[in-house]
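Following: one structure in structure tokens, then a few remarks.
The values are calculated or read from the model by the stated rules, or taken from the named source; none is laboratory data. Bear in mind that the values here come from a model prediction, so they are computed numbers and not experimental data. Every residue, glycine among them, receives a Cβ derived from its backbone with ideal geometry; neighbour counts consider all protein chains shown. Accessible surface is based on the protein model in full, side chains and every heavy atom, while ligands, DNA and RNA are left aside. Shrake-Rupley method; radii C 1.70, N 1.55, O 1.52, S 1.80 Å.
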Amino acid sequence: MVDLTQLMENEVLMAFASYTTIVLSKMMLMSTTTAFYRLTRKVFANPEDCVSFGRGENAKKFLRIDDRVERVRRAHLNDLENIVPFLGIGLLYSLSGPDLSTAILHFRLFVGARIYHTIAYLLPLPQPNRALAFFVGYGVTVSMAYRLLKSRLYL
Amino acid sequence: MVDLTQLMENEVLMAFASYTTIVLSKMMLMSTTTAFYRLTRKVFANPEDCVSFGRGENAKKFLRIDDRVERVRRAHLNDLENIVPFLGIGLLYSLSGPDLSTAILHFRLFVGARIYHTIAYLLPLPQPNRALAFFVGYGVTVSMAYRLLKSRLYL
Amino acid sequence: MVDLTQLMENEVLMAFASYTTIVLSKMMLMSTTTAFYRLTRKVFANPEDCVSFGRGENAKKFLRIDDRVERVRRAHLNDLENIVPFLGIGLLYSLSGPDLSTAILHFRLFVGARIYHTIAYLLPLPQPNRALAFFVGYGVTVSMAYRLLKSRLYL
């Protein structure tokens with residue numbers, strides 16, 4: 001059996017693991033935020049979820065769309081759309097031997113931008129706060145992709 | 001060229017690979033389930049998909065929303081929202097040298113919970129079946145994230 | 001500190017990194033395509049996004065659903081649903097020591113199919129163009145999953 005722990009002694013990979021865990025945990029909080037709003041505002045997507053609030057016609061009135069809930073769901077989907085490329089490109093970038101301080105700068109900017117994006121979406125802050133946060137995260141991923149393709153293109 | 005096969009001789013990583021492949025294959029079945037319901041119930045999202053059922057005004061009546069299809073799509077999106085963090089955190093957790101039996105317990109619980117979640121969503125089973133399945137999978141990911149950040153935090 | 005750069009000297013992993021970066025970059029273009037259509041067609045999901053086009057009742061008319069925007073969003077979600085399994089299964093498959101030319105064939109087919117899927121969805125091309133592109137990508141992922149489970153099953 002190989003001792004894989006040495007893999008994780010690589011500092012770039014350790015940093016990637018830490019920042020990735022933080023940004024994915026933040027994303028997971030969106031699920032609980034949605035659940036929180038669904039329960040406190042009594043807004044449900046499935047009949048079986050609102051049985052305790054009444055049955056039959058009485059329950060159907062809870063199967064509705066709510067601005068607040070939809071806003072959280074859009075923020076959650078935007079997270080997914082942006083964190084998935086970061087996961088894939090970021091892991092391969094980390095393995096491609098980048099400079100430690102450059103790599104950490106990329107990770108910090110991305111995680112900071114995604115946290116700010118969520119705050120700007122949920123409060124909400126006036127534009128262009130959210131758009132800016134989006135483009136910073138986007139730019140970080142593009143920059144890692146560029147570095148990866150420049151140094152390791154193999155088609 | 002490096003012999004990477006030794007990486008996969010690590011038992012935790014082999015277990016992670018097996019359980020991940022199973023849970024991702026299950027998620028991919030949601031696509032075919034959606035397609036199955038769309039075809040059998042004649043419910044489409046795009047005009048070009050229902051051309052064979054008629055043209056013009058006649059075709060438009062198939063562009064509709066269906067409870068059954070929407071239910072599968074919600075289950076699919078919930079899978080995405082929960083399996084993506086498991087993928088990222090689980091891979092890095094596997095590389096951080098955890099105890100084999102603890103790691104396998106995590107993977108088994110997660111995969112079992114997600115399969116049960118899908119069953120509970122599609123049948124549907126009464127609540128709190130689905131909510132419980134969701135929280136077991138969620139808890140497993142949080143537990144791996146905690147272990148990862150405790151042992152390898154590097155910011 | 002371990003020299004991880006040797007990991008990336010593995011040709012299969014380098015090829016996986018290149019094709020993954022390309023397909024994830026393509027997926028990220030869907031975000032900008034959505035933003036492009038939202039701005040040019042003045043179709044928004046959030047009140048704060050259309051403040052510059054008017055306030056109060058005047059702004060509300062931009063909070064609407066548009067066929068073109070919804071089409072891009074469906075293509076984007078379909079990308080997510082299919083690229084996430086490719087990411088997870090493909091990485092583990094690459095680490096399992098497959099034959100280089102077989103691996104590259106898988107990656108090329110998948111990336112080509114997903115690019116064709118996007119073109120077929122956005123133009124749109126008549127069916128079964130999109131369905132075929134979907135099933136080629138799907139088949140590639142299933143083939144990698146099968147190979148992985150056959151050679152490395154560890155439950």
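Go through the range B:36-68 and give me each residue that's among the aliphatic types (A, V, I, L, M) and either at the interface with another protein chain (Cβ under 8 Å from one of its Cβ atoms) or more than 20 Å from C:Val72 (Cβ to Cβ) (or both). Before the answer, list the steps.
Pass one, the range B:36-68, residues among the aliphatic types (A, V, I, L, M): B:39, B:43, B:45, B:51, B:59, B:63, B:65.
Of everything in the range B:36-68, those that are among the aliphatic types (A, V, I, L, M) and either at the interface with another protein chain (Cβ under 8 Å from one of its Cβ atoms) or more than 20 Å from C:Val72 (Cβ to Cβ) (or both) turn out to be B:Leu39, B:Val43, B:Ala45, B:Val51, B:Ala59.
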- [ ] Select from the range C:135-155 the residues that are over 15 Å from B:Met27 (Cα atoms), facing chain B (nearest Cβ under 8 Å) and either free of Cβ contacts under 8 Å to residues at least 40 places away in the same chain or of a type in the set (Phe, Trp, Tyr) (or both) and list them in ascending order.
- [x] C:Leu149, C:Leu153, C:Tyr154, C:Leu155
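Any residue at all in the range A:101-119 that's among the polar types (S, T, N, Q), closer than 30 Å to C:Phe53 by Cα and open to solvent by less than 30 Å² (accessible area, probe 1.4 Å)?
Pass one, the range A:101-119, residues among the polar types (S, T, N, Q): A:101-102, A:118.
The next check asks that each one be closer than 30 Å to C:Phe53 by Cα; those that pass are A:118.
Next, only the ones that are open to solvent by less than 30 Å² (accessible area, probe 1.4 Å) stay: A:118.
Looking through the range A:101-119, at least one residue is among the polar types (S, T, N, Q), closer than 30 Å to C:Phe53 by Cα and open to solvent by less than 30 Å² (accessible area, probe 1.4 Å).
Per-residue answers, yes or no, for (1) polar (S, T, N, Q); (2) touching a strand residue (DSSP E or B) at 6+ places or on another chain (Cβ under 8 Å); (3) within 23 Å of B:Gly88 (Cα to Cα):
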site	(1), (2), (3)
A:Ala75	no, no, yes
A:Ser94	yes, no, yes
A:Asp99	no, no, yes
A:Pro126	no, no, no
A:Ala133	no, no, yes
A:Tyr146	no, no, yes
TODO: Starting from the range A:104-133, keep only residues that are closer than 25 Å to B:Leu155 by Cβ, then list their pairs with residues that are open to solvent by 40 Å² or more (accessible area, probe 1.4 Å) and part of a helix (DSSP H, G or I) whose Cβ atoms are within a distance under 7 Å, requiring at least 6 positions of separation or different chains.
DONE: A:His106/A:Ser143; A:Leu109/A:Val136; A:Val111/A:Ile22; A:Ala113/A:Val136; A:Ala120/A:Asn129; A:Ala133/A:Tyr116
Open item on the list: So in the range A:126-137, with the set limited to residues that are over 23 Å from A:Ser18 (Cα atoms) and part of a helix (DSSP H, G or I), which one is most open to solvent (accessible area, probe 1.4 Å)?
Closed with: A:Leu132
TODO: Could you run through the range A:1-46 and say how many residues are at pLDDT 80 or above, in contact with a helix residue (DSSP H, G or I) (Cβ under 7 Å, 6 or more places away or on another chain), open to solvent by 20 Å² or more (accessible area, probe 1.4 Å) and not hydroxyl-bearing (Ser, Thr, Tyr)?
DONE: 8
Open item on the list: Against the definition (closer than 28 Å to A:Glu48 by Cα, crowded, with 22+ Cβ neighbours inside 10 Å and either aliphatic (A, V, I, L, M) or within 14 Å of chain A (Cβ to nearest Cβ) (or both)), how does B:Asn82 come out, yes or no?
Closed with: yes
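Yes/no matrix, rows are residues, columns are (1) part of a loop (DSSP other than H, G, I, E, B); (2) modelled with pLDDT of 90 or more; (3) under 24 Å from B:Ser18 (Cα atoms); (4) of a type in the set (D, E, K, R):
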| position | (1), (2), (3), (4) |
| --- | --- |
| B:Arg64 | yes, no, no, yes |
| B:Leu80 | no, yes, yes, no |
| B:Phe107 | no, yes, yes, no |
| B:Gly112 | no, yes, yes, no |
| B:Pro124 | yes, no, no, no |
| B:Gly139 | no, yes, yes, no |
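Restricted to the range A:69-79, and to residues that are more than 11 Å from chain C (Cβ to nearest Cβ) and either without any contact (Cβ under 8 Å) to a residue 40 or more places away in the chain or touching a His at 6+ places or on another chain (Cβ under 9 Å) (or both), which residue is surrounded by the fewest Cβ atoms within 10 Å (Cβ to Cβ)?
To start, the set of residues in the range A:69-79 that are more than 11 Å from chain C (Cβ to nearest Cβ) comprises A:69, A:72, A:76, A:79.
If we keep only those that are either without any contact (Cβ under 8 Å) to a residue 40 or more places away in the chain or touching a His at 6+ places or on another chain (Cβ under 9 Å) (or both) too, we end up with A:69, A:79.
Details: A:Val69: 20, A:Asp79: 24.
Top of the filtered list is A:Val69.
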